[in-house]
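Asks: Dumping the structure here so I can ask a few things about it.
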Amino acid sequence: MSALQTIAAAATVHGSVGSIGYGLAAIGPGIGVGIIFGNGTQALARQPEAAGLIRANQILGFAFCEALALIGIVMPFVFGK
């Protein structure tokens, strides 16, 4: 069974390929947010005097990751039936 047939079979059983697609699209931003805040915490522990700059970069990176998640939510609706 090919990957396309598997997706088509899942769509008939579970309702929508869009919901499956969003589930897969949420994995990337979730991993990205974990990496951002994990490395930010390590950076704050190593250089506490740079807390303002590190925190600003964390927030910016978090916003970009969450924008990807929001795009993942919207795309099934845009390309849906």
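The values are calculated or read from the model by the stated rules, or taken from the named source; none is laboratory data. Every value quoted in this text rests on a predicted model; they were computed, and no experiment measured them. All Cβ positions, even for glycine, are placed from backbone atoms using ideal geometry, and neighbour counts span all protein chains on display. All accessible areas refer to the heavy atoms of the entire protein, side chains included, with ligands and DNA or RNA removed. Shrake-Rupley method; radii C 1.70, N 1.55, O 1.52, S 1.80 Å.
Asks: Quickly run through the range 31-58 and pick out the residues that are surrounded by 12 or more Cβ atoms within 10 Å (Cβ to Cβ), within 30 Å of F77 (Cβ to Cβ) and among the small types (G, A, S).
Replies: G32 - this is the single residue of the range 31-58 that is surrounded by 12 or more Cβ atoms within 10 Å (Cβ to Cβ), within 30 Å of F77 (Cβ to Cβ) and among the small types (G, A, S).
Asks: Can you find a residue in the range 5-22 that is surrounded by fewer than 10 Cβ atoms within 10 Å (Cβ to Cβ), hydroxyl-bearing (S, T, Y) and either in a helix (DSSP H, G or I) or at pLDDT 90 or above (or both)?
Replies: Scanning the range 5-22 turns up at least one residue that is surrounded by fewer than 10 Cβ atoms within 10 Å (Cβ to Cβ), hydroxyl-bearing (S, T, Y) and either in a helix (DSSP H, G or I) or at pLDDT 90 or above (or both).
Asks: Consider G61 against the criteria (1) modelled with pLDDT of 90 or more; (2) open to solvent by 90 Å² or more (accessible area, probe 1.4 Å); (3) of a type outside the set (K, R): it satisfies all of them except one. Which criterion is unmet?
Replies: (2)
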